[in-house]
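All remarks here apply to the structure that follows.
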């Protein structure tokens, strides 16, 4: 299945749904793969968290000095616990 194709699925009583095999293969979804579930104006969006997804994030926030922000936040937490 390529981008922008549609598949119809059914929900179980528990709210579970089976994603078609072609889509699972395309997005490298395996047993135990976690996903972000997000509501949008159009409906429900599932974003699988796969190794491919994690690799795509490398360097994305390089321009931000996140370590300084994290260190400052942790310092504030420690000081507020006193």
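Side notes on the structure shown:
- The calculated FRET efficiency for the pair residue 41 and residue 6, based on their C-beta separation and a Förster distance of 22 Å, comes to about 0.80.
- Given (1) 1.61; (2) 3.05; (3) 0.99, the label whose value is Cα Rg over 2.2 N^0.38 Å derived from this model: (1)
- A Gaussian network model of the chain, with springs between Cα atoms under 10 Å, assigns the largest mean-square fluctuation among 14, 52, 62 to 14.
- Degrees separating the helix 66-80 axis from the principal Cα axis of the chain, which is the longest one: 60 degrees
- Gaussian network model of the chain, springs between alpha carbon atoms under 10 Å - residue of 50, 33, 12 with greatest fluctuation: 12
- A simple spin-label model places pseudo-atoms 7 Å from Cα toward Cβ; at residue 74 and residue 58 they are separated by 2.4 nm.
- Helical content of the chain, expressed as a calculated mean residue ellipticity at 222 nm, amounts to -10000 deg cm²/dmol (DSSP H runs of 4 or more residues, -39,500 (n - 2.57) each, divided by residue number, nearest 500).
Taken together, the values in this text are just the output of simple stated rules run on the coordinates, not laboratory data. These numbers were taken from a predicted model, which means no experiment stands behind them. Cβ sites come from the backbone with ideal geometry, for glycine too, and all protein chains shown count toward neighbours.
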